[in-house]
Each structure stands twice: as C-alpha cells, then as structure tokens.
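Taking it in order: structure first as structure tokens, then the write-up.
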Amino acid sequence: MSRATRLFDLLQLLRRHRRPVSGTALAGELGVSLRTLYRDIASLQALGAGIEGEPGVGYVLRPGFLLPPLMFSGEEIEALALGLRWISRQTDPALDQAARQALAKIAAVLPAELREKLDDEALLVVPRRTPPPAVDLALLRQALAEERKLAIVYADANGATSQRIVWPVALGFFETTRILAAWCEMREGFRHFRTDRLLAANLLAARPPRRRAALMKAWRQTLLTESDRGAR
C-alpha cells in the first residue's frame, strides 16, 4: 500500500468515528505500527486536517477537511455503477435524475479505461414492474429531510382505509416493496406502512415533538425488543 493511499484510508477511518478512537485501534485497522500511525497523523495535520487528540487519549477528525480523491479501483467503479443504476431504476424520478447526473459526473473525470468499466452493464439491475404509486416517494423523502408530519390515507391488507397523522422515521427499500416507518398518532406507536397502500399524503407544517434522530433510536430499540421477544 502506498503512503498516499494509507493517508486517505486513515482519513476515511476517522470520518467513520464520531467519537475519539485510540491510536491502537486505528493502527490495527490499517495494519501499521503505532509509530507509523503517529507519523501519518502528523502528516495529515501538517496538510491542514483538523485531527484533534494525542497518544494515549484518542483521535477525532473535525468535519470540513477534504483531500483530493484518489482514483477508483475497477471493483469500486463496478460498485458505484451498480448502486447508482439500482437507485435510478428502483426509486422516484427525482432520485433517478440525481443518480444519472452522478454517473455522468463520475464518468467525466475517469480515464478512458475506467470509463469503459463504468459503461459496462455486465451487472444488471432489473426494473420493478409495478404500477406507479399514488404517493410520490419524493414527498416522503421531503418529510424525512425537513422533519415534518404527514397526513396520510392508508389502506390495509383488507382494503379498509384510515386517515392518520404520522411522524416519518425512515423509508425502507425492499426487493418488492417500499416501507415507511413512522410514529402513528392514532396508534400511539411505531408502525410500518407499505407505500403502495398509501392512497394520499399531505405534508404538514407541524413538526414532530421529537427530532428524527431520537425517533430513529427509539424505533430501532423497538425492533430489537421485538427481535428478542421472537427469539424467546
């Protein structure tokens, strides 16, 4: 591994940790000695990276520092192309357009031999053959991004409809369906709504009384609790 690649990998490791991480842990993940790690951290700091900490305490990277990107490997190109094609063909039109633009930007900076790898569709994503949903997924993504309540009309498996106010938590993309996880005011608990059963949805000005990060943590805890209950 070249030193430039190692420095880049060290930055990536620090970005993944929001709290201080020990030099021993970083050195172990990189497969280098502590002495080499300390030299690499000093080099990054000299380049302007906001790395805070010291030996024996731990290190954390302040946000905002970027190095020029290193060139992608062949497998990284395949992963990017496959992931962006999946987004393009499995989500809403706005994300489809964003994925296409991202592919075009990546292709513009690649050398010819890697650009051919990007254009090679040996790994295929089969489009979903389903009727267009009544509610645009872009509206659900907006509710998540802006942390706003949604008024929805929902049909259950038997076709019975209900009107609800929900606090969106997450949007899950499964192989054959899309699921909106949300706190339901009517049920006073977390519920999962299939997006193909949403008959209507309106974005409300009101915001949930709890931030989405807190709701996400509580929602995940309910999933763990249900999993433990099922195991027992």
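The values are calculated or read from the model by the stated rules, or taken from the named source; none is laboratory data. Computed from a predicted structure; not experimentally measured. Ideal geometry is used to build each Cβ from the backbone, glycine not excepted, and the neighbour counts take in all protein chains shown.
State yes or no: is Glu54 of a type in the set (Asp, Glu) and either buried (at least 16 other Cβ atoms within 10 Å of the Cβ) or modelled with pLDDT of 85 or more (or both)?
Criteria not met by Glu54.
Looking at Arg148, Arg141, Arg164, which one is free of Cβ contacts under 8 Å to residues at least 40 places away in the same chain, assigned by TED's automatic domain parsing to the domain that holds Leu223 and not acidic (Asp, Glu)?
So the residue among Arg148, Arg141, Arg164 that is free of Cβ contacts under 8 Å to residues at least 40 places away in the same chain, assigned by TED's automatic domain parsing to the domain that holds Leu223 and not acidic (Asp, Glu) is Arg164.
State whether one or more residues within region 14-24 are out of contact with any Gly (no Cβ under 9 Å at 6 or more places or on another chain), under 30 Å from Gln142 (Cβ atoms) and surrounded by 11 or more Cβ atoms within 10 Å (Cβ to Cβ).
Yes; the residues of region 14-24 include at least one that is out of contact with any Gly (no Cβ under 9 Å at 6 or more places or on another chain), under 30 Å from Gln142 (Cβ atoms) and surrounded by 11 or more Cβ atoms within 10 Å (Cβ to Cβ).
Go over the candidates Thr5, Thr91, Thr36 one by one and state the one that is at pLDDT 90 or above and β-branched (Val, Ile, Thr).
Residue meeting the stated conditions: Thr36.
Is it fair to say Ala205 is assigned to a strand (DSSP E or B), among the hydrophobic types (A, V, I, L, M, F, W, C) and either at pLDDT 90 or above or farther than 27 Å from Ile87 by Cβ (or both)?
Answer is no for this residue.
For region 127-150, which positions are farther than 17 Å from Ile179 by Cα, at pLDDT 75 or above and assigned to a loop (DSSP other than H, G, I, E, B)?
Glu147, Arg148
Test of understanding: among Glu147, Glu175, which residue is of a type in the set (D, E, K, R), touching a helix residue (DSSP H, G or I) at 6+ places or on another chain (Cβ under 7 Å) and either over 22 Å from Ile87 (Cα atoms) or loosely packed, with under 15 Cβ neighbours inside 10 Å (or both)?
Answer to the check: Glu147.
Assigned to a loop (DSSP other than H, G, I, E, B) and at pLDDT 85 or above - does that describe any residue in region 102-123?
Taking every residue of region 102-123 in turn, none turns out to be assigned to a loop (DSSP other than H, G, I, E, B) and at pLDDT 85 or above.
When Asp92 is evaluated against the numbered criteria (1) touching a helix residue (DSSP H, G or I) at 6+ places or on another chain (Cβ under 8 Å); (2) within 30 Å of Phe174 (Cα to Cα); (3) of a type in the set (D, E, K, R); (4) surrounded by fewer than 16 Cβ atoms within 10 Å (Cβ to Cβ), which criterion, by number, is the only one it fails?
The failed condition is (4).
For region 25-49, which residues satisfy the criterion of being among the aliphatic types (A, V, I, L, M) and not in a helix (DSSP H, G or I)?
Of everything in region 25-49, those that are among the aliphatic types (A, V, I, L, M) and not in a helix (DSSP H, G or I) turn out to be Val32, Leu47, Ala49.
Taking only pairs six or more apart or across chains, which ones have beta-carbon atoms under 7 Å, a first residue in region 92-115 that is in the same structural domain as Ala81 (by TED's automatic domain parsing), and a second residue that is part of a helix (DSSP H, G or I) and of a type in the set (D, E, K, R)?
Ala107/Arg115
Identify, please: which residue in region 17-38 is within 24 Å of the chain's Cα centre (by Cα) and of a type in the set (D, E, K, R) and is, among those, nearest to Tyr59 (Cα to Cα)?
Arg19
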